[in-house]
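What follows draws every value from the coordinates through simple rules; no lab data is involved. Fair warning: this is a prediction, and the values are worked out from it, not measured in the lab. Every residue, glycine as well, gets a Cβ built from its backbone with ideal geometry; the counts of neighbours run over all protein chains shown.
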Amino acid sequence: MQEPEWMQWRRPGPTPAQRRRDIGVAVLVLLAGVEFTVLVDSMGAYPFLNPPGLPAQVAWTAALSLPLVVRRRFPLAVMLLVSVLFLAAQWNQAGDSLVSSGVLFLAIFTVGAWERNRLVARWSRIGVIGVMFLWLGFNLVRFLLGPDVPSDKMDGPMDPVLARVLYGLEFNIFFFVFAYVVGEMAWTAARRQAQLEFQADELRRSQEQNVRGAIAAERMRIARDLHDVVAHHVSVMGIQAGAARRVLDSDPVLARDALQTVEKTARTAISELRGLLGVLRADAESDFQAAPGLDDLPELLETARSAGLEVSHGVYGDPREVPSAVAVSAYRVVQEALTNVVKHSGASHVDVRMRFLDSALELEVADDGRGRSTGESGFGLVGMRERVAVHGGTLEAGPRRSSGYLVRASLPTEEIA
């Protein structure tokens, strides 16, 4: 999915839950406006000298509050309507200085936060704010022509005209700038949230692709395991069956021993195949329980001996437990190396060494054969390299200086940081 042009982003409409909250906000504003009007009238602290009666004041409060029900669905229309009603209420001296100002603030904020056309959102708010400052200037001129406050109450340290001008300008500048800025911040926060959700979707899709890649890699691992099991045991079985065929008439005892080796090898192959299938069905915690490890190497070497090889085996260093995944890979590397020796090298002797180093397990399989391996083109050495690379190890494979072929693998036994 292509990433959207975020500067051209349009905010989706309100959800049903947000629409219900708008209704609740409108009701709360209406109730607060009615209560405030009753309290102000009861105290005689109304901002105008000749306000209308209480019912008319309540009606103006209701008219200002009810449009908030659809403020997020139609933010521009609500702001324009509230602005007209605000001016009309002020003209009729029926608009108090708290609730009506709060409604106007909320309407301007909503346009900044929800209007999808950002150009319209910007200039409509600037236009409304400009009209409100013109109204403020008109009221200041009216005050200059005839103050509506008795002169005996103007006992502050400042000139009453200057005080009225500064109060009106500072209050309204703060009021409208705050409404504008908070609306922009809300819209920016919504856009950022949309970006985060988009990135989360992208991350989830990327993770799904990684999972698919891991599945493909696991299939390759299974293919390598199948190759290791089948190639090694079938090679041994083929050699033993051929030997039995050649001596069947002349040496029945030797032929019988060879056939017993074929039978034993076949059973071992079937057992390992069942173990491999068991790994596929097992939980992640038991993935390697059925797979062979270092303890199974003697049996593997004995199988190579039964194929006619002279096998030397040495363990160096202090033997210790290694991670199960490393043990499986070590077993498969030795198994594949021995398979290549049996199938391709023509060797009579093979030397298998295992060294426990401080932070690694090193394996070495050396033979005295022709010094080349034809298994490079298949799953053989390529599979070994991949197995070792999974653990961050190294693999060396090539002809020896004197004669034969050498495979040396180093597998780290500590977690890679």
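Can you tell me the order of 300-306, 310-316, 118-124, 198-204 when each peptide is scored by its average per-residue count of other Cβ atoms within 10 angstrom, highest first? Mind showing how you got there, number by number?
Working: 300-306: 18.6, 310-316: 13.6, 118-124: 15.3, 198-204: 11.3.
Final packing ranking: 300-306, 118-124, 310-316, 198-204.
Could you let me know the centre-to-centre spacing of segment 165-187 and segment 344-360, using Cα atoms, in angstrom?
Answer, in whole Å: 81.
Tell me which residues come under 5 Å, amide H to amide H, from residue 413 once H is placed; ignore anything under 5 positions away on its chain.
360, 361
Stretched out fully, how many nm does the piece from residue 370 to residue 216 gain, at 0.36 nm a residue minus the Cα gap?
51.8 nm
Using a Förster distance of 35 angstrom, determine the FRET efficiency expected from the C-beta separation of residue 54 and residue 181, and round it to 0.05.
My answer for the efficiency is 0.45.
Which distance in nm do the two modelled labels at residue 299 and residue 173 give, with both placed 7 Å along the Cα-to-Cβ direction?
Taking the two extended label points, one gets 8.9 nm.
Would you please give the FRET efficiency between residue 131 and residue 200, computed as 1/(1 + (r/R0)^6) with r the Cβ-Cβ distance and R0 = 56 Å, to the nearest 0.05?
Efficiency at R0 = 56 Å is approximately 0.85.
Within a Cβ distance under 11 Å of residue 19, other residues only, what is the Lys/Arg minus Asp/Glu net charge?
The answer is +4.
Between residue 166 and residue 189, with labels modelled 7 Å along Cα→Cβ, what's the label distance in nm to one decimal, could you check?
My value for the distance between the label points is 3.4 nm.
Which FRET efficiency value, to the nearest 0.05, is calculated for residue 251 and residue 349 with the Förster distance at 35 angstrom and r the Cβ-Cβ distance?
Given R0 = 35 Å and the Cβ-Cβ separation, E is 0.90.
Multiply the residue separation of residue 87 and residue 207 by 0.36 nm, subtract the distance between their alpha-carbon atoms, and state the gained length in nm to one decimal. Mind showing how you got there, number by number?
On the way: separation 120, 0.36 × 120 = 43.20 nm, distance 5.65 nm.
This chain segment gains 37.6 nm when fully extended.
How much length is gained on full extension from residue 358 to residue 15, taking 0.36 nm per residue of separation minus their Cα-Cα distance?
That works out to 117.3 nm of additional length.
Given the peptides 348-360, 10-22, arrange them by the average over their residues of other C-beta atoms within 10 Å, most packed first.
The peptides rank, most packed first, as 348-360, 10-22.
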